[in-house]
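Participant: Pasting a structure below so you can have a look.
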Amino acid sequence: MNVLHLKCYRKAASRRVKSWLRMGRHRQDPVRTSSSTFQIDLALVHSLLEGQHPDLAHLQICHLGTGWHNTMFRLGDQLLLRLPRRTTAGPLIENEQIWLPQLADRLPIDVPTVVRVGEPTQRYPWRWSILPWLTGTTAEQVDMRTSEVQRFTSFLKALHVPAPANAPQNPVRGVPLKQRSAVFGKRFLWVDEQTNLITRQIKNIWHRAVEAPMDGEARWLHGDLHPLNVVVNDGAISGIIDWGHITSGDIATDLASIWMLFAEKNHRQQVIKSYGSLSDATLQRAQGWAILIGVGFVESGLTANSSHASIGAATLQRVAEDSLTLR
């Protein structure tokens, strides 16, 4: 991602916030989360490469960014390093290493299957990944061609097949929304206080989603399918990244991406129609997941990363626009 482009995007996002932000509120994170992280620097990364993959140690290493779970570095022109930075991320990257290669060949969009695996050492406690570099920018920054609507739908259908009994289980993805409602309720109320995004319509859609029955078998999910994990190059999706939350569960979690990725209502309608055989209950749960994830982005945007705010706001506004009129 071009750094100058990112800075410009963040400035634009902060201007858009003002139309829905309740001014004068005290912005304090409503949910306490663990801040215990492992510090990963260039010297550590170079030593790991020298010790385990010495044939790659001569390549230039550039720090790309630090997410909640992982720190990323570009390695040369064609590779990416992904290193867990907190305890909860260790099992996630192992799931990605083990299971994604088994799904990749049938997916119509590229995914970064592991090229090499790094092992824990005395200096660094978790497995880590060397992945292929996918060229492009994340989807919140660029427009996609209309043809990508059908291509993304084909990706969802190819991914959402029945998962085996030993597939990974994720306690916060693909589960009934009722399991998330206690912690989410605090965020929901806080965002309601800070913004005008939590309308009566959004509240009604959320409550309806929580009560919607689970009516399908567990299927493979990406688990974290939002614009920051969709890479676009020249208007086409060049990759779906960050598979740490890969899991077996309710497809509604992934279907929330419909409202996160597509600004045009007719494109959202096209995804739902082309996907096929989606029950009213599944669509209700999908809208609930879009609200849950959208609220999380708004919260993050107001307390930490301003570029997240417009992603969450747009998601909530699209859900409110569509309600259940998409069929």
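The values are calculated or read from the model by the stated rules, or taken from the named source; none is laboratory data. In this text, all values refer to a predicted model and were calculated from it rather than measured experimentally. Cβ coordinates were reconstructed from backbone atoms using ideal geometry, including for glycine residues, and neighbour counts include every protein chain displayed.
Participant: So which of Ser238, Ser257, Ser248 ends up being polar (S, T, N, Q) and touching a Gly at 6+ places or on another chain (Cβ under 6 Å)?
Facilitator: Ser238
Participant: Moving to a separate point now. Which one is surrounded by the most Cβ atoms within 10 Å (Cβ to Cβ), of the residues in segment 92-109 that are free of Cβ contacts under 8 Å to residues at least 60 places away in the same chain and of a type outside the set (A, V, I, L, M, F, W, C)?
Facilitator: Ranking the candidates gives Gln97 first.
Participant: Listed residues Ala290, Ala304, Ala252; which is at pLDDT below 95 and either over 16 Å from the mean Cα position of the chain (by Cα) or buried (at least 24 other Cβ atoms within 10 Å of the Cβ) (or both)?
Facilitator: Within the list Ala290, Ala304, Ala252, the selection yields Ala304.
Participant: State yes or no: is Thr153 buried (at least 19 other Cβ atoms within 10 Å of the Cβ), among the polar types (S, T, N, Q) and under 22 Å from Ser323 (Cα atoms)?
Facilitator: Criteria met by Thr153.
Participant: Tell me whether segment 133-153 contains one or more residues that are part of a helix (DSSP H, G or I) and of a type in the set (Asp, Glu).
Facilitator: Yes: one or more hits.
Participant: Filter segment 156-172 for residues that are under 16 Å from the mean Cα position of the chain (by Cα) and crowded, with 17+ Cβ neighbours inside 10 Å; which is nearest to Glu217 (Cα to Cα)?
Facilitator: Among those residues, the one meeting the criterion is Leu159.
Participant: Separate question: Within segment 184-277, considering only strands (runs of 3 or more DSSP E) that don't extend past its boundaries, which have at least 3 residues that are of a type outside the set (Ser, Thr, Tyr) and assigned by TED's automatic domain parsing to the domain that holds Asp143? Full working, then the answer.
Facilitator: Values: elements: 219-221, 230-233, 236-240, 247-249.
It comes to 219-221, 230-233, 236-240.
Participant: Here are the criteria: (1) modelled with pLDDT of 95 or more; (2) not assigned by TED's automatic domain parsing to the domain that holds Arg116. Tell me which single one Val45 does not satisfy.
Facilitator: (2)
Participant: It is to be established whether one or more residues within segment 119-130 are surrounded by 14 or more Cβ atoms within 10 Å (Cβ to Cβ), modelled with pLDDT of 95 or more and under 18 Å from the mean Cα position of the chain (by Cα).
Facilitator: No, that holds for no residue.
Participant: List the number of the failed condition for Lys178; all other conditions in (1) over 21 Å from the mean Cα position of the chain (by Cα); (2) basic (Lys, Arg); (3) surrounded by fewer than 16 Cβ atoms within 10 Å (Cβ to Cβ) hold.
Facilitator: Exception for Lys178: condition (1).
Participant: Right, here's the next one. Of a type outside the set (Phe, Trp, Tyr), under 21 Å from Pro84 (Cα atoms), part of a loop (DSSP other than H, G, I, E, B) and not assigned by TED's automatic domain parsing to the domain that holds Ala252: is that true of Pro168 in this structure?
Facilitator: Criteria not met by Pro168.
Participant: Looking only at residues that are within 12 Å of Leu100 (Cα to Cα) and in contact with a Phe, Trp or Tyr (Cβ under 8 Å, 6 or more places away or on another chain) in segment 208-242, which one is surrounded by the fewest Cβ atoms within 10 Å (Cβ to Cβ)?
Facilitator: Let us first name the residues in segment 208-242 that are within 12 Å of Leu100 (Cα to Cα), namely 220-222, 240-242.
With the extra rule that they be in contact with a Phe, Trp or Tyr (Cβ under 8 Å, 6 or more places away or on another chain), the set shrinks to 222, 240.
Values: His222: 28, Ile240: 23.
The qualifying residue surrounded by the fewest Cβ atoms within 10 Å (Cβ to Cβ) is Ile240.
Participant: Given (1) in a helix (DSSP H, G or I); (2) farther than 27 Å from Leu100 by Cα; (3) hydrophobic (A, V, I, L, M, F, W, C), identify the lone condition not met by Ile311.
Facilitator: For Ile311, the exception is condition (2).
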